[in-house]
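See below for the structure under consideration.
Readers should treat all values here as calculations from the given coordinates under stated rules, not as data from a laboratory. No experiment lies behind these values; they were computed from the predicted model shown. Here Cβ is always computed from backbone atoms with ideal geometry, including for glycine, and neighbour counts include all displayed protein chains.
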Amino acid sequence: MFVHAGVVGWRGQAILIPGRSFSGKSTLTAELVKAGATYYSDEYAVLDEHGRVHHYARPLSIRENGHLEKAKRYEVETLGGRSGVKPLPVRLIVVSKYKSGAKWRPRQLSAGEGALALLANTVSARREPKTALAALNHAVSHATVIKGNRGEARQVIDYIFEKLGE
């Protein structure tokens, strides 16, 4: 299943950042990579039937001066990062949207709410609902799901690493 999301690996587990275009997922993904996470994708979380994430690494696409500007492509190595290739279980799902000046005050969601957040960003959900729901259920079964509007990525990164026991 292809879920529109940014994905990084951290200590053998995946962090998913689902969202539509212009939600800030690529910026947050890039900042996590700069902070030491392993890059998997800024476009799609590719989930297998067991809910593990596979790499879909291609250059990161980042809009630097506002969301209306054409995105610039960056190889992960230019950000000081590296790409992952090993499938990873999902540990954390960060449902967020960038809002200028927002204070990061996430709330924890249930696994069901997490599955719905992923489902809303799943490309083939209408064509293959049973397969999509099964993969998403596996993905969220051992994951923590948090949601909140965010300002700058740095405050979210510190929270994520703290949440994962940095």
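Here are some notes:
- Label-point gap, in nm, between Glu113 and Gln155 - each point 7 angstrom along Cα→Cβ: 2.0
- Using the Cβ-Cβ distance between Lys97 and Glu49 with R0 = 22 Å, the FRET efficiency computed as 1/(1 + (r/R0)^6) comes to roughly 0.15.
- The stretch 58-147 - Debye-derived log10 I(q)/I(0), Cα point model, q = 0.18, 0.23 Å⁻¹: -1.09, -1.13
- Sparse-neighbour loop sites [GluC sites (Glu not before Pro); the stretch 1-67; at most 13 other C-beta within 10 Å; DSSP]: Glu49, Glu64
- With Cα atoms, 0 to 90° folded angle of helix 129-140 axis to the chain main axis: 60
- Where only DSSP H runs of four or more residues are counted, the chain gives -7500 deg cm²/dmol as its mean residue ellipticity at 222 nm, each run worth -39500 (n - 2.57).
- Annotation: amide H-H contacts under 5 Å for Ala14 (H modelled 1.01 Å from N, sequence separation of 5 or more, or interchain): Val90, Arg91, Leu92.
- The loop-placed chymotrypsin sites (Phe, Trp or Tyr not before Pro) in the stretch 12-54, going by DSSP, that have at most 15 neighbouring Cβ atoms within 10 Å of their Cβ come out as Phe22.
- Phi to ³J(HN,Hα) by Karplus 6.51 cos²θ - 1.76 cosθ + 1.60 over the stretch 91-98, Hz, x for Gly, Pro: 10, 9, 10, 10, 8, 8, 9, 6
- Derived scalar couplings ³J(HN,Hα) [the stretch 149-163; Karplus, 6.51 cos²θ - 1.76 cosθ + 1.60; whole Hz; x for Gly, Pro]: 6, 9, x, 5, 4, 4, 5, 6, 4, 4, 5, 4, 5, 5, 4
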